[in-house]
Amino acid sequence: MDVHLIKYKTALSKDELSFLKQKEMKERKQLYKVVRVLMIMCFICPFAGAWIKALKGDELAFSYLYYFLGVTFLMFFSGIGVFMSYRAHLYKVRQDIRHATKTVETVQITRKQYMPSNNTYYFYLSSPVKLSIEVEEEYYRSLEKGDQVNIEYTPYSKQYLGYF
């Protein structure tokens, strides 16, 4: 069996673009919540640490220098974590919205599987991006192992959009 990878880019439909914008808004709100919690923790943790030192009898427990060093240290590392999370997720969705394209890839079905526990049908694919997809029963019955199917996903965030 010879496997050829066929890919091309095409414009996103209005519904797909709307879906990505909603996803971006939800992820942005979630990121802002995390940033707010981290900012609060950056100020509370050094203060709590000072109280622990004070209870142990340290006379310099409430030093402004140590407090702001602790806040700066925590903000620096929290900022790095937030930035890495932003670049790994939200930035890629924003890139997909800005370019408004999707990738259509023709892949082969490597395996078919029915899941009786939840009455769903799956195709396992030869794609490096999407390993399996849930399909409708009629589509499951009409195609066999080795047949080709087209899948659509966004080029940056690899968000699965559908099949045909």
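The values are calculated or read from the model by the stated rules, or taken from the named source; none is laboratory data. Quick caveat, the model's predicted, so the values are computed rather than measured. All Cβ positions, even for glycine, are placed from backbone atoms using ideal geometry, and neighbour counts span all protein chains on display. Surface areas here come from the heavy atoms of the whole protein model, side chains and all, with no ligands, DNA or RNA. Shrake-Rupley method; radii C 1.70, N 1.55, O 1.52, S 1.80 Å.
Of note:
- For the range 83-107, filtered to residues that are of a type in the set (A, V, I, L, M) and over 10 Å from T154 (Cα atoms), the residue that is most open to solvent (accessible area, probe 1.4 Å) is M84.
- Within the range 85-101, tally of residues that are without any contact (Cβ under 8 Å) to a residue 24 or more places away in the chain and touching a Leu at 6+ places or on another chain (Cβ under 9 Å): 0
- So M75, is it assigned to a helix (DSSP H, G or I), open to solvent by 30 Å² or more (accessible area, probe 1.4 Å), more than 30 Å from L143 (Cβ to Cβ) and touching a helix residue (DSSP H, G or I) at 6+ places or on another chain (Cβ under 6 Å): yes
- If you go through the range 141-158 and keep only what is aromatic (F, W, Y) and open to solvent by less than 30 Å² (accessible area, probe 1.4 Å), you end up with just Y153.
- Pick from the range 9-45, criterion over 16 Å from T154 (Cβ atoms) and of a type in the set (V, I, T), ranking: farthest from the chain's Cα centre (by Cα): I44
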